[in-house]
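The values are calculated or read from the model by the stated rules, or taken from the named source; none is laboratory data. Predicted, not measured: the structure shown is a model, and the values here were computed from it. We place every Cβ from the backbone using ideal geometry, glycine too, and count neighbours over all the protein chains shown.
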Amino acid sequence: MTTRHAEIAGAGFAGLTAATALAQRGWSVRVHEKAPELRTEGAGIVLWNNSLQVLDAIGATHDLMSKSMTPPAYETRMNNVIRSQETLDGISWRTLTRPHLFATLLYAAREAGVEIVAGSTVRSATADGEVTLASGEKATADVVIGADGVGSAVRDSLAIPLERQRSRDGITRFLVPRRKEQLQALEPDTEWDNVIDFWNLEPRVLRVLYTPANDDELYIALMAPADDAAGSRVPIDLELWTSVFPQLAPVLEAAATVPGKYYGYQTTRVESWTRGRVALIGDAAHAMCPALAQGAGCAMQNAWTLAVAADETSDAAALPAALERWEQHERPFTDRCQDRSQHYADTREMANGNQFSGDVVETALYNPTDPRRHEVQHA
Ligand SMILES: Cc1cc2nc3c(=O)[nH]c(=O)nc-3n(C[C@H](O)[C@H](O)[C@H](O)COP(=O)(O)OP(=O)(O)OC[C@H]3O[C@@H](n4cnc5c(N)ncnc54)[C@H](O)[C@@H]3O)c2cc1C
């Protein structure tokens, strides 16, 4: 069989995962990244079994483990009173920094022989597999992948209808030094290796998600409603945040020195993830509220299953139908995850604690690399 070729828009977590999985199957792959440098935005990230299995399948686990951790528990507090401490037994999960995940994926992609072109913007794609770049260059591929994020040019150039739902809350994320000893001095009984979800709903909605990412770095996410000018301000209003969360003063002080960016929560749903030879993955297809920490997880799981589905179809003419079948099989898992994340964002129910049970952990437990996963699901 001749070597098959993929053109991918976007070197984010979705694009790099799909590129690596295809290249490891013998495809030639070119990834276009519009940013002049290859890097990621954001601070920390939580990964669950669904994405950890994919990282394992592309051979990236060793690198990932080197600078990530599984905290002893996920603790939820309301007004600094502990509501639950969930040890998440039976669920694989890791916390880490985004730069570390990005470096891990970039290394895997390069090892697999993926060509990555920084400073290259994809303007549009056609259903028969042609991409047009901002430079004017055109290229054809057996499969074109739109992994170009929530503002996807690939998606929009194909006029795929999109619904966008914005939520009332948003978040500012920081990577800061752990400062564990200073935190311990303020609250000696606290297990500062836990993820701690500090909620305050009355008199004002303010939340800090405290996530140790490794021995040295802490990821903190500060949530406030978009209409709270002081709560959503960046750099953060240190006086406001330390007045509500005095036990976090050492790390909030570090966060206040970082410019930061406030992200409003949003969910996007597209009519279809595919058009002919083009497939959308990641935020281009299904941006979601971060409540379940699954946006990147779903991006990587769908990137992996797309690569497998495309590779299993040896007849080039049959690829569009194979992509449609891929969407039919995989999309329901992501749709349900989006719905649950949206529900949590709308209701702020996570503040009640004891959240990791029942249907909610479906995506966290999912194994996209198990060829029998759909049989298991129906059993
Ligand atoms: C506050 C917050 C917290 C989150 N926490 C988590 C978490 O803990 N766990 C989790 O799994 N997910 C989390 N997410 C979600 C996660 O960050 C995203 O779902 C994920 O990064 C999407 O990856 P992506 O590759 O699809 O898109 P992106 O990361 O947006 O990457 C798209 C890439 O494409 C490039 N690009 C854009 N347009 C073009 C173009 N026309 N041509 C070429 N390149 C282009 C961009 O520069 C970018 O590099 C969180 C999100 C937010 C907002």
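Apart from one condition, residue 256 fits all of (1) surrounded by fewer than 24 Cβ atoms within 10 Å (Cβ to Cβ); (2) closer than 24 Å to residue 49 by Cβ; the exception is (2). Kindly indicate whether any position in the range 303-314 is in contact (Cβ under 8 Å) with a residue 12 or more places away in the chain and among the acidic types (Asp, Glu). Within the range 303-314, one or more residues are in contact (Cβ under 8 Å) with a residue 12 or more places away in the chain and among the acidic types (Asp, Glu). Applying the condition of being out of contact with any helix residue (DSSP H, G or I) (no Cβ under 7 Å at 6 or more places or on another chain) and over 19 Å from residue 285 (Cβ atoms) to the range 28-38 and asking which residue is farthest from the ligand (Cβ to nearest atom) yields 28. Sub-9 Å Cβ pairs linking a first residue in the range 17-46 that is of a type in the set (Phe, Trp, Tyr) to a second residue that is assigned to a strand (DSSP E or B) and more than 7 Å from the ligand (Cβ to nearest atom), at least 6 apart or interchain, are 27/5; 27/6; 27/143, ordered by first then second residue. Filtered by the rule that a residue be within 21 Å of residue 234 (Cβ to Cβ) and among the polar types (S, T, N, Q), the range 152-204 gives 167, 172, 200. Against the test of being over 26 Å from residue 338 (Cα atoms), touching a strand residue (DSSP E or B) at 6+ places or on another chain (Cβ under 7 Å) and at pLDDT 95 or above, the options 195, 154, 176, 150 yield a single qualifying residue, 176. Scanning the range 39-60 for residues that are surrounded by fewer than 19 Cβ atoms within 10 Å (Cβ to Cβ) and near the ligand (Cβ under 10 Å from one of its atoms) turns up 39, 41, 42. The set of residues in the range 210-247 being among the polar types (S, T, N, Q) and either farther than 16 Å from residue 169 by Cβ or part of a strand (DSSP E or B) (or both) consists of 211, 214, 242, 243, 247.
For the range 275-325, a residue qualifies if it is away from the ligand (no atom under 14 Å from the Cβ) and under 22 Å from residue 91 (Cα atoms), and exactly one does: 305.
Just one of the listed residues (329, 343) is away from the ligand (no atom under 16 Å from the Cβ) and either closer than 24 Å to residue 7 by Cα or part of a loop (DSSP other than H, G, I, E, B) (or both), namely 329. Look at the range 89-108: where a residue is within 16 Å of residue 56 (Cα to Cα) and a partner is part of a helix (DSSP H, G or I) and at pLDDT 95 or above, sitting 6+ places away or on another chain with Cβ atoms under 6 Å, you get 91/364; 92/49; 92/52; 105/16; 108/20. Does any residue of the range 310-322 turn out to be polar (S, T, N, Q) and in a helix (DSSP H, G or I)? No, the range 310-322 contains no residue that is polar (S, T, N, Q) and in a helix (DSSP H, G or I). Can you find a residue in the range 258-272 that is at positive phi and in a loop (DSSP other than H, G, I, E, B)? Yes; the residues of the range 258-272 include at least one that is at positive phi and in a loop (DSSP other than H, G, I, E, B). I need a count of the residues in the range 256-268 that are more than 14 Å from the ligand (Cβ to nearest atom) and either basic (Lys, Arg) or in contact with a helix residue (DSSP H, G or I) (Cβ under 9 Å, 6 or more places away or on another chain) (or both). Total meeting the criteria: 1. Scan the range 260-286 for residues that are surrounded by 24 or more Cβ atoms within 10 Å (Cβ to Cβ) and hydrophobic (A, V, I, L, M, F, W, C) and jot them down. Within the range 260-286, 273, 278, 279, 280, 281, 284, 285 qualify. Being away from the ligand (no atom under 16 Å from the Cβ) and farther than 16 Å from residue 342 by Cα is a description that applies to residue 249.
In the range 226-255, the residues that are closer than 18 Å to residue 79 by Cβ and touching a residue at least 12 places away in the same chain (Cβ under 8 Å) reach residues that are surrounded by fewer than 18 Cβ atoms within 10 Å (Cβ to Cβ) and basic (Lys, Arg) with C-beta atoms within less than 8 angstrom, at least six apart or across chains, in these pairs: 228/204; 231/204; 244/204.
So that you can scan it fast, the table gives a plain yes or no per residue for (1) in contact with a helix residue (DSSP H, G or I) (Cβ under 9 Å, 6 or more places away or on another chain); (2) hydrophobic (A, V, I, L, M, F, W, C):
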| position | (1), (2) |
| --- | --- |
| 82 | no, yes |
| 86 | no, no |
| 91 | yes, yes |
| 102 | yes, yes |
| 112 | yes, yes |
| 120 | no, no |
| 127 | yes, yes |
| 131 | yes, yes |
| 142 | yes, no |
